[in-house]
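*Asks:* Starting off with a structure, shown below.
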Amino acid sequence: MSDTKPVHNLQALLKGMDARLSDERYLFATVAKDVADQLAMQPIMRFEEDEGVTLILLKSDAHAAAIEGEFECQKITLHIHSALEAVGFMAAISNKLKDVSVPCNVVAGYYHDHLFIPVDKVKTAMAALRELSA
């Protein structure tokens with residue numbers, strides 16, 4: 001558990017974000033709830049929708065479980081304790097990534113925001129995030 005206070009101020013969030021790239025490869029997948037409940041591995045994210053359960057899985061776990069996934073990506077974690085009610089942080093990041101033609105899927109955790117970026121766009125995304133925080 002972290003004892004850091006959540007940051008609300010947009011400029012402080014942008015200046016203080018420390019974008020760290022994971023070497024792991026991930027896939028997004030969807031399965032029926034009964035299938036998701038029986039998985040032997042732990043997805044890094046599980047979200048239940050009306051149509052099925054969305055999972056973010058390590059690519060190796062998805063293949064081992066014979067789960068078809070898509071959107072092969074890497075995770076960039078923004079290491080600043082962003083307040084859950086902070087305004088404009090993801091908008092600023094999304095706009096910057098849009099400007100350099102990088103698609104992004106965001107997962108907000110309690111402490112950090114996590115960006116899932118296509119593998120072939122990771123270098124561009126990291127450069128854009130460094131520029132945004134400068």
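Read the figures in this text as sums done on the coordinates, not as results from a lab. In this text the structure is predicted, and so the values were computed from the model without any measurement. FYI the Cβ positions are ideal-geometry reconstructions off the backbone, even for glycines, and counts take in every protein chain you see.
*Asks:* Quick check on my filter: what residues within segment 18-36 are in a helix (DSSP H, G or I) and either over 17 Å from A66 (Cβ atoms) or in contact (Cβ under 8 Å) with a residue 12 or more places away in the chain (or both)?
*Replies:* Kept after step one, since they are in a helix (DSSP H, G or I), are these residues of segment 18-36: 33-36.
Answer for segment 18-36, where residues must be in a helix (DSSP H, G or I) and either over 17 Å from A66 (Cβ atoms) or in contact (Cβ under 8 Å) with a residue 12 or more places away in the chain (or both): K33, V35, A36.
*Asks:* Can you name the condition, by its number, that F71 falls short on among (1) within 12 Å of D113 (Cα to Cα); (2) touching a Phe, Trp or Tyr at 6+ places or on another chain (Cβ under 6 Å)?
*Replies:* Unmet condition: (1).
*Asks:* With respect to the numbered conditions (1) touching a Ser or Thr at 6+ places or on another chain (Cβ under 6 Å); (2) in a loop (DSSP other than H, G, I, E, B), which one is the sole condition not fulfilled by A66?
*Replies:* The one condition A66 does not meet is (1).
*Asks:* May I pose another question? What single numbered condition from (1) assigned to a strand (DSSP E or B); (2) closer than 24 Å to L132 by Cα; (3) without any contact (Cβ under 8 Å) to a residue 12 or more places away in the chain fails to hold for F47?
*Replies:* (2)
*Asks:* For segment 61-75, which residues satisfy the criterion of being surrounded by 13 or more Cβ atoms within 10 Å (Cβ to Cβ) and not charged (D, E, K, R)?
*Replies:* A62, H63, A65, I67, G69, F71, C73, Q74 - these are the residues of segment 61-75 that are surrounded by 13 or more Cβ atoms within 10 Å (Cβ to Cβ) and not charged (D, E, K, R).
*Asks:* So, one more: Can you find, within segment 79-91, the residue that is surrounded by the fewest Cβ atoms within 10 Å (Cβ to Cβ) among those that are out of contact with any Phe, Trp or Tyr (no Cβ under 6 Å at 6 or more places or on another chain) and more than 17 Å from F116 (Cβ to Cβ)?
*Replies:* Initial filter on segment 79-91 (out of contact with any Phe, Trp or Tyr (no Cβ under 6 Å at 6 or more places or on another chain)): 79-80, 83-91.
Then drop every residue that is not more than 17 Å from F116 (Cβ to Cβ), which leaves 80, 83-88, 91.
Working: I80: 23, A83: 14, L84: 11, E85: 7, A86: 19, V87: 11, G88: 13, A91: 10.
Only one residue fits best here, namely E85.
*Asks:* Something else: Being over 23 Å from L27 (Cβ atoms) and assigned to a helix (DSSP H, G or I) is true for just one of L97, L84, L132. Which residue is that?
*Replies:* Answer to the check: L132.
*Asks:* Return the residue satisfying two criteria in turn: it lies in segment 115-134 and is under 23 Å from E85 (Cα atoms) and of a type outside the set (F, W, Y), and of such residues it is surrounded by the most Cβ atoms within 10 Å (Cβ to Cβ). If you could, list the steps in order and put the result at the bottom.
*Replies:* Of segment 115-134, the ones under 23 Å from E85 (Cα atoms) are 115-116, 129, 132-133.
Still in the running and of a type outside the set (F, W, Y): 115, 129, 132-133.
Working: L115: 25, L129: 23, L132: 17, S133: 17.
Top of the filtered list is L115.
Residue-wise test of (1) among the aliphatic types (A, V, I, L, M); (2) surrounded by 12 or more Cβ atoms within 10 Å (Cβ to Cβ); (3) touching a Phe, Trp or Tyr at 6+ places or on another chain (Cβ under 8 Å).
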{"position": "L13", "(1), (2), (3)": "yes, yes, yes"}
{"position": "L57", "(1), (2), (3)": "yes, yes, yes"}
{"position": "T77", "(1), (2), (3)": "no, yes, no"}
{"position": "D113", "(1), (2), (3)": "no, yes, yes"}
